[in-house]
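We did not get these values from a lab; they are worked out from the coordinates using the rules stated. Computed from a predicted model, the values in this text were never measured in an experiment. Backbone-built Cβ (ideal geometry, glycine too); neighbour counts: all protein chains shown.
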Amino acid sequence: MVVGGLDVLRNQPLFGTSAVTLGLVFAFLAYVQRFNQPIQQIAVMWTNIQSAIAGGERIFGLLDVVPDITDSPDAIEMPPIQGRVVFDHVSFSYDKGTGDRGQGTGNGVITSQSPPQVLNDVSLTAEPGQMIAIVGPTGAGKTTIINLLPRFYDVSAGRVTIDGHDVRDVTAASLRAQIGLVLQDSFLFSDTVMNNIRYGGLDATDDEVIAAAKLASADTFIERLPQGYQTVLGERGSGLSQGQRQLISIARAALANPRILILDEATSSVDTRTERLIQRAFDQLLEGRTSFVIAHRLSTIQHADQVLMLKAGQIVERGTHQELLANRGPYYDLYMSQFRREEEPVPAMGDGV
């Protein structure tokens, strides 16, 4: 451009035998741009290809992972569940074990060659419609028990049966489709309230979704939202309180209409007023269903048909709430320590606080 411009201004050729015209300079610049444009496009495309290859490696790496829990070749579809659950001498370790179907030792002995046991020789029976409460200190194995029920893990010894069917003998999809799960922190999508509840039953009608919300006592606050059931929530339910998110997750479970319901400390992070509202929703949801409730606040399980006190992976006490209080054992100590803490007055300023 510089040489051609000087040539045009002087009207004399700097190189060659003929002068360069202004049109020739513009034509030269146009050709250079046309020549560079595909080279630039190729460079951008190559960058995108490299990024796609890196992303593809991660995607295919994930797809190639073999799940630890797979259906056996002769697995059958789980028939409609009535709700009788049996843990038959169940032992479990998160380390890789033999995974055979032998019975537990029954004597609580762990050899030095055995991996550390999270559950050791646990046996329990839940009849259809019963509420089983599981309590105990942190690390006792409460969450592990409920993870074995929908077969998120396989037992190391013993077996878990539902209506007489070993959970390893049925397909995981047909088993989990009939089990409801309400966690302490449920995930909500960036979508409408209606669709977030419909996640519990993708083919449900709007009327069925609204009926599930009413059963969970969630309709009261939903109707106060700007667009009601069509209000779009933020990611993970931002804009709603913890209690409101829990009520939506309960409505999900109600819409799924499971025969077995698992509640994992679903009221531990809400205030007392919201806890009462959620507890009323649970009372309606649990009716006629076999349920397993991990309780942080022991006041929520006083009407359980059976309370299991876990310690170090073993059931150290079992019975109703009143029976365990009368025994004055570990459950009594746990209950009274919590009761005293809840009843203890807040020290006033100037009391050494």
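Per-residue extension of 0.36 nm, minus the Cα-Cα distance of Ala312 and Asp95, leaves a gain of 76.5 nm for this segment. Spin-label model, Gln302 to Phe60: label points 7 Å out along the Cα-to-beta-carbon direction sit 6.2 nm apart.
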